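The values are calculated or read from the model by the stated rules, or taken from the named source; none is laboratory data. Everything numeric here is computed off the predicted structure, so don't read it as measured data. Note: ideal-geometry Cβ built from the backbone for every residue, glycine included; neighbour counts use all protein chains shown.
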Amino acid sequence: MTIPRDDARSIFDQAVEHTRGLSPATFDQWFGGVQFDDLTDGVLTLRVQNEFVLEWVKANFLPTLAEKIRALTGWSVQVAWTVDPHLASPVSTRSLIQPVRPRAIALRPITLRPLAIAADAAVGGAAAIAAPASLRPQIAAYAGPSRGPTEVVRSEGEPAPAPVLVRRSAMPEDINPKHNFATFVVGPSNQLAHAAAIAAAGGGGARRYNPLFICGGTGLGKTHLMHAIANRVHDEHAGARIIYVSAERFTNDFITAIQHHKMDDFRARYRSACDVLLVDDIQFLAGREQTQEEFFHTFNALHAIDRQIVVTSDKYPQNLERMEERLVSRFSWGLVADIQVPELETRVAIVRNKAAIEGFALDDDVALFLAQMIRSNVRELEGTLIRLAAKSSLTGQRVDLAFARAEISAASPSLRAQTMSVEDIQRAVCHHFHLRSIDLTSKDRHKSIAFARHVAMYLCKQRLKCSFPEIGRAFGNRDHTTVMSAVRKIEAQRDTDPQVRAHIEALERRLADE
């Protein structure tokens, strides 16, 4: 969902007033070096006087500002910064900040050129029809960064041309309108992919990469981002022709075209009549040599005229098996953005966001419980919430923590073991090694305590699939690299040291009985 600029400014102003109330004098002092540029689908674009202002505002005011915007819009807020010593319209007119020499460190806006109705030259044997010259300035911009802004030059006194209505292209039927950038919860695990997807859709003030290759496990949000790109382009660029297909659908279309002698129609659709090509699950082209050959030429034709290509996969390009090397190479031409398993905080935000979208009241302890229980699949996490909401609606029971535990344990026994928490493992380890719970989170580096701490970290990683940062926070806010080192050390000792293996097996039996 895109809101008008005036409404975006109003939302930002409300957030500013809320944040200013915490410390008016300090706020005015620092925001004299900050300018609001844009707020679209959760991407807040701010221009700052210098890096010093950027770091201070980011550390001291941004959390409150972003939280207020999230409360007003429901968006997960991401900030794009631009450093510029010359601010045209700072948030506050009072500033005691002396500018320092700036250095460009942030995402910068791009200017998009007009989109032709079709390619300007014949590609792959398919004739292309260019838009009339009189129509081009009015066509929605999409096709990528240009060398300069589009200008329409008229002689003095010449009347402006009448506006030309651009026919809106049809939205692909498989696109879910609910899957947009505003409903995508952003966290450290998916921040790069989210920002790159916004840029691919022609927004966010960032460089557009072509192709964009999004990779990640099942149910982590790859398809959501594909749909969000399609929704954004369709909303903002009326003439853009979008094709969204799975690799399986592309293969079937190719086979059908061969069978019915309609290869010219197939190539015209995927090459000359396409402005944005979105291909899901490209790994399913593996081993299909003729289909890979056709996709290779389709890719080349679109890339040559700078049409946006976005591809998703469950593997990195170099790990795709039975895929032609030349295709693998082209997938890496632009940007490869991965999506990792979301952290606990992001999973909690996902549950809350889904509940808000469905109009379902959810207690914080239930949201935390669901996020702790289901760690590796966002789709399953959201599906579990929907099942609870449906059961509550049908039976009239309130969804509290006891209800959630009982229903999930009954419906999915395989998840029962996942209800174990980091605290459960810490208690079991302390009991096994005769330690106090505080010992595992303390800074004590005594050999026996350090070993027990490492074993506990290893078990959290193996049994709960927690991320390294999550584990680090649970063990006295230790750095994730410390956790990685501990887990790898225990993994190595488990295979070589019988005593270490005996400790781990005893603890696993104890945890299995709980």
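Data overview
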| quantity | calculated |
| --- | --- |
| Strands (runs of 3 or more DSSP E) contained entirely in the stretch 1-92, each with at least 2 residues that are among the small types (Gly, Ala, Ser), touching an Asp or Glu at 6+ places or on another chain (Cβ under 7 Å) and farther than 26 Å from Val348 by Cα | none |
| Unmet requirement for His454, which otherwise passes all of (1) modelled with pLDDT of 85 or more; (2) more than 21 Å from Gln340 (Cβ to Cβ); (3) not in a helix (DSSP H, G or I) | (3) |
| Matching residues, the stretch 321-340, being surrounded by fewer than 20 Cβ atoms within 10 Å (Cβ to Cβ) and closer than 26 Å to His179 by Cβ | Leu335, Asp338, Gln340 |
| Residues satisfying the stated conditions in the stretch 175-184, i.e. β-branched (Val, Ile, Thr) and either buried (at least 24 other Cβ atoms within 10 Å of the Cβ) or assigned to a helix (DSSP H, G or I) (or both) | Thr183 |
| Hits in the stretch 44-58 (condition: among the polar types (S, T, N, Q) and more than 24 Å from the chain's Cα centre (by Cα)) | Gln49, Asn50 |
| Search result, residues across the stretch 495-514 that are closer than 23 Å to Val341 by Cβ and not aliphatic (A, V, I, L, M) | Glu508 |
| Residue check, Arg267 of a type in the set (Lys, Arg), touching a strand residue (DSSP E or B) at 6+ places or on another chain (Cβ under 9 Å) and surrounded by 24 or more Cβ atoms within 10 Å (Cβ to Cβ) | no |
| Ala355 vs. criteria buried (at least 20 other Cβ atoms within 10 Å of the Cβ), in the same structural domain as Glu380 (by TED's automatic domain parsing) and either over 22 Å from the mean Cα position of the chain (by Cα) or not β-branched (Val, Ile, Thr) (or both) | yes |
| Among (1) touching a Ser or Thr at 6+ places or on another chain (Cβ under 6 Å); (2) touching a residue at least 60 places away in the same chain (Cβ under 8 Å); (3) more than 21 Å from Gly217 (Cα to Cα), the one test that Gln340 misses | (3) |
| Meets criteria (assigned to a loop (DSSP other than H, G, I, E, B) and either outside the structural domain of Ser376 (by TED's automatic domain parsing) or within 30 Å of Phe369 (Cβ to Cβ) (or both)) for Gly472 | no |
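Conditions (1) more than 26 Å from the chain's Cα centre (by Cα); (2) at pLDDT 90 or above, marked per residue:
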| site | (1), (2) |
| --- | --- |
| His18 | yes, no |
| Ala25 | yes, no |
| Phe31 | yes, no |
| Phe36 | no, yes |
| Gly42 | no, no |
| Asn60 | no, no |
| Arg70 | no, no |
| Gly74 | no, no |
| Val77 | no, no |
